[in-house]
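The structure appears below as structure tokens.
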Amino acid sequence: MLKDLKLFLELLRPYKRRVRFALFIGGVAGLCTGAGITLGAEKLFGIVLNGGSERDLGQVILIASIFPILFVTIGVSTFLSTYHLNHAGLAVIRDLRAELFSHIQRLPLAFFQTKKTGDLIARLTADTQAMQYALTITGRDLAIAPLTFLGAVAMLAYKGWEHDGVVYIYCSIALLPLVIFPVRKLTQKLGQKAKAQQEELSSVTNDLSQNLGAAKEVRAFNLQDRENRRFGERLEELFSSQMKVVKYTFALSPIVEIISSIGLASAFVIGYYKGVSGEVFIAIFAALYFSYSPIKRISYLAGELKKGAESLKRIREIIAEPNNIEEPEKPVSPDSIRGKIEFREVSFSYGESPALVDASATIETGCVCALVGPSGAGKSTFANLVPRFYDANKGQTLLDGIAIKRFRTTDLRRKIAIVSQDPVLFDDTIAENIRLGRLDATDEEVREAAQQAFADDFIKEQSEGYDTIVGERGARLSGGQKQRIAIARAFLRNAPILILDEATSALDSESERKVQDALNKLVIGKTVLIIAHRFSTIKNASKILVFEQGKIIDQGSHAELYERCKLYRSLYDQQVS
Ligand SMILES: Nc1ncnc2c1ncn2[C@@H]1O[C@H](COP(=O)(O)OP(=O)(O)OP(=O)(O)O)[C@@H](O)[C@H]1O
Ligand SMILES: [Mg+2]
């Protein structure tokens, strides 16, 4: 428990003044409960039980008024303590979520191929939530419970000293070590179960996110029953792991209760045997109660801290993920980039089998270079290495003779515009989606870019024009429209290097022509890597690289390649026929 506690106190360090105040004021509440109420009860019952002879109304009122004063103090200090602990706890959660999110933004693309979206979402939401619970709800007990306990034990010691009945202290304290062992065992178990529960929660979130992302496929292939069954199974697994957590969480309390009831019972017997007076008896009972109930709270708290600590571990796992796309220590200014791209014997693999093998090619400034080859030959991989989405395992990629690793990735990527086959739009207005090309572009520039991409006409026809919201991932636009928005982005970016992944999906000829016209205008004066599927595009390229199984097997102009490269000729003939 102490280890987990230390973990959380470390997290709270930036807010330590607030936490100190909360703990102090919580301590006041604890002392008032543990010692104050006990003492008050003795005084009051002393009068009530021994009444008669010395009944004095003024004195009774005076002593009775201790209670409102005590409870006001307890109430106000409990509120203040809880309020400030929650403040600090929620702030920690906010900071942690921000840190996790911003770390995820920096992680390399390769990371997302090993981790699942749903799992990341669960860590950012459910795990931080579990920690929030540990930090705030139980934070209050952290301050109040130990002091209640100390206050009550002090009262017992005092009574023991006053009435030579040290036995009472033993009654409560001697039994305490009995509590520690089962509590420790159970908390350990609880930690394991909590980890399993959070993992199940990740799976559920993951299934959900996959299902929601495939709404169309589920309907098209009538997958509803299959999806219901699978999700139902997941929920069942989550349920059973949650119930295990419930079991271990609430098994703690009866154990403490059983032991404390033995303490109370023996106190009763010994008290009777010793012939203790009524009011002292009540005080001792109150003190015993107030020393056991915080132990119960503390053992519960130990469980919650354990659960929180498991979640914190899951969050830290992501924060510890390294960004293996290294930034240069002394970055080169990107101002000089004109756009000459050079690959020198570059090899790369995503996993076991190589995706690119000893690829060498030079693409001069202003050259339109087409990448051609069968599916899986390494064209996209080649293009992905230029903006350093991945780093080559071997060899070098250079821009204007400078290794790309010597530029900051942000600087490098600013010089590259990418138009992909299936552009992703954010659920925002059309104007904002275009502005992603260059965040400081004016409305006028956004409009100009749209005009150049032949997107202006259809945008104006939308209900809200440029302020029309496009829906999640651009769901309310057609494929061709999305592509033209992506092209408008690239116009706005006006970068010297352009990477185009030509659409394979057939657009209708009108839309296709517009996209084509826009692209033809876009490529002017830029170094272009185009992953080409249409031979009309390929024939116009000034250079063609032919890929096969990760290798560049030939390069040259259309005429040259048609003449000498068998693969190229067969690809070309296939399409033309
Ligand atoms: N993210 C990835 N993780 C693991 N392997 C990958 C990944 N992306 C591609 N590959 C593998 O690398 C090889 C090259 O893929 P690449 O995407 O470069 O092919 P391509 O030429 O662009 O094909 P296509 O014309 O179908 O787009 C393939 O064997 C593919 O399975
Ligand atoms: Mg590809």
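The values are calculated or read from the model by the stated rules, or taken from the named source; none is laboratory data. Please read these numbers as outputs of a predicted model, since none were measured by experiment. A quick note on method: Cβ atoms are made from the backbone with ideal geometry, for glycine too, and the neighbour counts reach across all protein chains shown. Quick note on the areas: whole protein, heavy atoms, side chains included, nothing else; ligands and nucleic acids left out. Shrake-Rupley method; radii C 1.70, N 1.55, O 1.52, S 1.80 Å.
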Name every residue in region 265-281 that is open to solvent by 50 Å² or more (accessible area, probe 1.4 Å) and under 52 Å from the mean Cα position of the chain (by Cα), in order of residue number. A265
When residues of region 429-457 are limited to those that are surrounded by fewer than 15 Cβ atoms within 10 Å (Cβ to Cβ) and under 36 Å from the mean Cα position of the chain (by Cα), the one farthest from N494 (Cα to Cα): D443
When the residues of region 367-402 are filtered to those that are more than 10 Å from ligand 1 (Cβ to nearest atom) and open to solvent by 40 Å² or more (accessible area, probe 1.4 Å), which remaining residue is nearest to the chain's Cα centre (by Cα)? N393
Looking only at region 405-422, decide whether some residue is under 14 Å from I485 (Cβ atoms), among the β-branched types (V, I, T) and within 16 Å of ligand 2 (Cβ to nearest atom). yes
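Run down L238, L208, L212, L190 and say which single residue is open to solvent by 40 Å² or more (accessible area, probe 1.4 Å) and in contact (Cβ under 8 Å) with a residue 12 or more places away in the chain. Step through it out loud before you land on a result.
Working: L238 fails: open to solvent by 40 Å² or more (accessible area, probe 1.4 Å); L212 fails: in contact (Cβ under 8 Å) with a residue 12 or more places away in the chain; L190 fails: open to solvent by 40 Å² or more (accessible area, probe 1.4 Å).
Of L238, L208, L212, L190, the one residue that is open to solvent by 40 Å² or more (accessible area, probe 1.4 Å) and in contact (Cβ under 8 Å) with a residue 12 or more places away in the chain is L208.
Listed residues V48, V92, V19; which is open to solvent by 80 Å² or more (accessible area, probe 1.4 Å), β-branched (V, I, T), in a helix (DSSP H, G or I) and in contact with a helix residue (DSSP H, G or I) (Cβ under 9 Å, 6 or more places away or on another chain)? Even if it seems obvious, please write down each step before you answer.
Numbers: V92 fails: open to solvent by 80 Å² or more (accessible area, probe 1.4 Å); V19 fails: open to solvent by 80 Å² or more (accessible area, probe 1.4 Å).
That would be V48, the only listed residue that is open to solvent by 80 Å² or more (accessible area, probe 1.4 Å), β-branched (V, I, T), in a helix (DSSP H, G or I) and in contact with a helix residue (DSSP H, G or I) (Cβ under 9 Å, 6 or more places away or on another chain).
If you go through region 494-502 one residue at a time, do you hit one that is farther than 30 Å from D467 by Cβ, assigned to a loop (DSSP other than H, G, I, E, B), within 16 Å of ligand 2 (Cβ to nearest atom) and assigned by TED's automatic domain parsing to the domain that holds V446? Full working, then the answer.
First, pick out the residues of region 494-502 that are farther than 30 Å from D467 by Cβ: 496-497, 502.
Now narrow it down to the ones that are assigned to a loop (DSSP other than H, G, I, E, B): 496, 502.
The next check asks that each one be within 16 Å of ligand 2 (Cβ to nearest atom); those that pass are 502.
Within this subset, residues satisfying the condition of being assigned by TED's automatic domain parsing to the domain that holds V446 are 502.
Checking region 494-502: at least one residue is farther than 30 Å from D467 by Cβ, assigned to a loop (DSSP other than H, G, I, E, B), within 16 Å of ligand 2 (Cβ to nearest atom) and assigned by TED's automatic domain parsing to the domain that holds V446.
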For region 216-231, give me each residue that is under 23 Å from A475 (Cα atoms) and under 27 Å from the mean Cα position of the chain (by Cα). E227
Complete set of residues in region 11-60 that are of a type outside the set (K, R) and more than 28 Å from S291 (Cα to Cα): L11, P14, Y15, G51, G52, S53, E54, D56, L57, G58, Q59
State which residue pairs qualify: first residue of a type in the set (A, V, I, L, M, F, W, C) and inside region 417-437, second residue assigned to a loop (DSSP other than H, G, I, E, B) and modelled with pLDDT of 90 or more in any location, beta carbons under 6 Å apart, and separation of 6 or more residues or different chains. A417/A495; I430/T468
Flagged pairs (Cβ under 8 angstrom, 6 or more apart or on separate chains; first in region 279-300, in the same structural domain as I259 (by TED's automatic domain parsing); second open to solvent by less than 50 Å² (accessible area, probe 1.4 Å) and basic (K, R)) are V280/K159; A283/K159; I284/K159; A287/K159
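Could you say which residue among L519, L567 is assigned by TED's automatic domain parsing to the domain that holds V386 and closer than 21 Å to G366 by Cα?
Working: L567 fails: closer than 21 Å to G366 by Cα.
That would be L519, the only listed residue that is assigned by TED's automatic domain parsing to the domain that holds V386 and closer than 21 Å to G366 by Cα.
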Just one of (1) among the β-branched types (V, I, T); (2) in contact with a Pro (Cβ under 8 Å, 6 or more places away or on another chain); (3) under 17 Å from E42 (Cβ atoms) trips up V276, so point out which. (2)
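Taking the stated definitions as given, is K460 surrounded by 15 or more Cβ atoms within 10 Å (Cβ to Cβ) and farther than 13 Å from A488 by Cα? Lay out the reasoning, then the answer.
Working: surrounded by 15 or more Cβ atoms within 10 Å (Cβ to Cβ): no; farther than 13 Å from A488 by Cα: yes.
Spelling it out, it is not the case that K460 is surrounded by 15 or more Cβ atoms within 10 Å (Cβ to Cβ) and farther than 13 Å from A488 by Cα.
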